[in-house]
There are 2 protein chains.
Amino acid sequence: MARIKDVAAHAGVSVATVSRVLNDNPSVTEETRTRVYAAMRELSYVPNAVARSLRTEATKTLGLIIGDIANPFFAELARAVEDTARAAGYTVIIGNADERAEEQDHYVRTLLEQRVDGLLICPTAEVTPLVEEIARAGGPLVFLDRTLPGVHVPSVRADGTDAIRALVAHLRQLGHRRIAFISGPARLSTGRERTGAFLAAMAEHGLEVHPEYVQAGDFRSGSGRALTARLLDLPEPPQVIFAGDNLMTLGALDEIRARGLRIPGDVALASFDDVPWFPHVDPAITAISQPAAELGKRGVRVILDRLGGRPAESVSLPAVLVVRQSCGEGRDVS
Amino acid sequence: MARIKDVAAHAGVSVATVSRVLNDNPSVTEETRTRVYAAMRELSYVPNAVARSLRTEATKTLGLIIGDIANPFFAELARAVEDTARAAGYTVIIGNADERAEEQDHYVRTLLEQRVDGLLICPTAEVTPLVEEIARAGGPLVFLDRTLPGVHVPSVRADGTDAIRALVAHLRQLGHRRIAFISGPARLSTGRERTGAFLAAMAEHGLEVHPEYVQAGDFRSGSGRALTARLLDLPEPPQVIFAGDNLMTLGALDEIRARGLRIPGDVALASFDDVPWFPHVDPAITAISQPAAELGKRGVRVILDRLGGRPAESVSLPAVLVVRQSCGEGRDVS
DNA sequence: GCCCTCCATGTAATCGATTACATCAGAGTA
DNA sequence: TACTCTGATGTAATCGATTACATGGAGGGC
């Protein structure tokens, strides 16, 4: 593979000049420039980003660690991160943590070795020593979607408090009283916060929450189905099941269908987290939509701010309630 | 950030010894080794993969260019590629071509500059001069999911011929005769092949295909909806709509629902490409399932074979028909 | 006691770019 | 003509690792 030295020899100039052409340095004659370009073309020269990065100490690369690409929420997030980064001249390396701290740390290590300029993490579970150390050392880190308690790192996340309050209001207006919430693990900030917001909203609307109506799963469809089964087996089952993410909603849907129950007649269903196919099922699922693309975009902006020496501030974007038919037909002021 | 030189000084050895420890060279004393590890820990040393890659001329990185991460099929594919590559010690950089040749070429260029060891491409549309040149130069390329006519590169793809034949048999057995197929653009190998297989299967079963019943869209939901509308507006609308990918199926579902038609009573629906939520809609969608994860896995294996100097052979995996309820209730021998 | 072998470790060249500094030609000025 | 200044280009050090080859010391055979 042709090197800068070959191009220089072929064009009859020095490597410095070729490098200047590569970097659009204006102090190169138009004539020399065209000669160099011609040499590059003839040799099919492809600049070596590895060598450049070694010298410049910058890779123009961002690392993104997400919970699971196969989860549409993260897919949309990743897409936005990629698009935004690309527009700013950065390449993105995506790592799939599979919701496991160990995998997450593997990617953190790998990406640091690759010398990514910045790191966007959707932290799984607990604070790991590795992440904590990087945060303390002031590494170029930003948390996306989730935060970690006690770790001082800028974050970009969605705030579902208002949307959950709106959902509870909507449910109440439709006459529902016995509302259950199945959510993710308390070790995830998203799991904790959604549960907290739900309990607060219920209290605000003077609705009682049966202790058995709040269950923690793992944000996967299997646990959504299992918890739904448990709820439906209660002597007094809930009138509404509100699931903590799109996969748990899917599990709930399964269990409800398997029992031959009708939505929303026998039991209503709502989801925290909206995905493109929810409007297409019958009945269309009422959901709280997180601005996934916007989160990704803002995340990149925050990290680029940090890299550019500008102050990086945490961002919290509101999630919004999208009323469809799965909780009942009533119109809602929303 | 600590360099190998610092570690060496701190441990009282030479850089060569540190490098040997990093690379598990057995000729280092156990005692020296522990001293070096201690120094690394104390300095929070992180090896610089950029420098290593420059020297070794290998990045232990694979590039993957897909049509769209937000399409669940590609998400699953990407996930499998990542998992498999990771198990072999490789990192994956994913590029989103957004189904545009121009974007695809941008990523090809970027990934070549990054000196990825191998490149997995799901080619969009036409053969671009860039891709053609790399193929001719014998670059470490593998095509995934799709192939390009006239370009000699190993490929890993799914073959839907048998599954489409099985679907047509299934439809015929249920009494359907007027079957329409809305598919992707003919410029994509997947679009062409699926259409060809459909026509062949229809002929085999002695079913006539009304020319208006075969329409080409763009593998996106919008065109799925538009084409479905056109079909339903025909004086003699089809009894079955078979959509060429999961997004077009979604569009078709929309249009059918919007008209208040019932599936499969008023019109049956089938999809080429299965996604996790198809079993959860009512009625569950009959679909042809492509082994996306297996494609990804095999793709990585093929490219690693190439890199390892072993012969890289093209792979074609059968897609399978998954009968559900959207075409009618009849049991099928499949 | 001498020499050879072997093993652990060190020295220094190298990968391909960037860039501070040096150089040199030509124009402008007195 | 001689001098300076400017602008284009060249020379060589550098980034942080790997690795071929050099070195030196311990141990064994005679």
Flag if B:Gly251 is in a helix (DSSP H, G or I), modelled with pLDDT of 95 or more and within 14 Å of another protein chain (Cβ to nearest Cβ): no
Total residues in segment A:130-148, condition in contact (Cβ under 8 Å) with a residue 12 or more places away in the chain, surrounded by fewer than 23 Cβ atoms within 10 Å (Cβ to Cβ) and part of a loop (DSSP other than H, G, I, E, B): 5
Elements of type helices (runs of 4 or more DSSP H) contained in segment A:1-93, each with 2 or more residues being at the interface with chain B (Cβ under 10 Å from one of its Cβ atoms): A:49-56, A:72-87
Matching residues in segment B:223-248 - criterion: being touching a helix residue (DSSP H, G or I) at 6+ places or on another chain (Cβ under 6 Å) and within 14 Å of another protein chain (Cβ to nearest Cβ): B:Gly224, B:Arg225, B:Thr228, B:Ala243, B:Leu247, B:Met248
Odd one out for B:Val46, checked against (1) more than 24 Å from A:Arg55 (Cα to Cα); (2) surrounded by fewer than 18 Cβ atoms within 10 Å (Cβ to Cβ); (3) away from DNA strand C (no atom under 16 Å from the Cβ): (1)
Selected residue [touching a Leu at 6+ places or on another chain (Cβ under 8 Å), assigned to a loop (DSSP other than H, G, I, E, B), closer than 24 Å to A:Gly196 by Cα and not aromatic (Phe, Trp, Tyr)] from A:Val116, A:Val127, A:Val151: A:Val127
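Tell me, please, whether a residue that is more than 11 Å from DNA strand C (Cβ to nearest atom) and touching a Leu at 6+ places or on another chain (Cβ under 6 Å) can be found in segment B:32-40.
no
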Residue match in segment A:89-103 (condition: closer than 16 Å to A:Arg301 by Cβ and either within 15 Å of DNA strand D (Cβ to nearest atom) or among the acidic types (Asp, Glu) (or both)): no
Residue list for segment B:97-109, restricted to those being in a helix (DSSP H, G or I) and surrounded by fewer than 19 Cβ atoms within 10 Å (Cβ to Cβ): B:Ala101, B:Glu102, B:Glu103, B:Asp105, B:His106, B:Arg109
Those residues of segment A:262-282 which are within 13 Å of chain B (Cβ to nearest Cβ) and modelled with pLDDT under 95, in sequence order: A:Arg262, A:Ile263, A:Val275, A:Pro276, A:Trp277, A:Phe278, A:Pro279, A:His280, A:Val281, A:Asp282
Where A:Ala11 falls short, out of the listed (1) more than 12 Å from DNA strand D (Cβ to nearest atom); (2) surrounded by 19 or more Cβ atoms within 10 Å (Cβ to Cβ): (1)
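State yes or no: is A:Ile164 in the same structural domain as A:Arg220 (by the TED database) and buried (at least 20 other Cβ atoms within 10 Å of the Cβ)?
yes
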Selection from segment B:272-281 of residues that are touching a residue at least 12 places away in the same chain (Cβ under 8 Å) and in a loop (DSSP other than H, G, I, E, B): B:Asp273, B:Asp274, B:Val275, B:Pro276, B:Val281
A:Leu62 vs. criteria in contact (Cβ under 8 Å) with a residue 12 or more places away in the chain, closer than 18 Å to B:Thr110 by Cβ and not hydroxyl-bearing (Ser, Thr, Tyr): yes
Filter result (more than 14 Å from every other protein chain (Cβ to nearest Cβ) and either surrounded by 18 or more Cβ atoms within 10 Å (Cβ to Cβ) or in a helix (DSSP H, G or I) (or both)) within segment B:283-299: B:Thr286, B:Ile288, B:Ser289, B:Gln290, B:Glu294, B:Leu295, B:Lys297, B:Arg298, B:Gly299
Exclusive hit being surrounded by 16 or more Cβ atoms within 10 Å (Cβ to Cβ), within 16 Å of DNA strand C (Cβ to nearest atom) and within 26 Å of B:Ser53 (Cβ to Cβ), set A:Ile69, A:Ile94, A:Ile4, A:Ile65: A:Ile4
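The values are calculated or read from the model by the stated rules, or taken from the named source; none is laboratory data. The model shown is predicted, which means the values in this text are computed figures rather than measured ones. Using ideal geometry, Cβ is built from the backbone for each residue, glycine included, and neighbour counts are taken over all protein chains shown.
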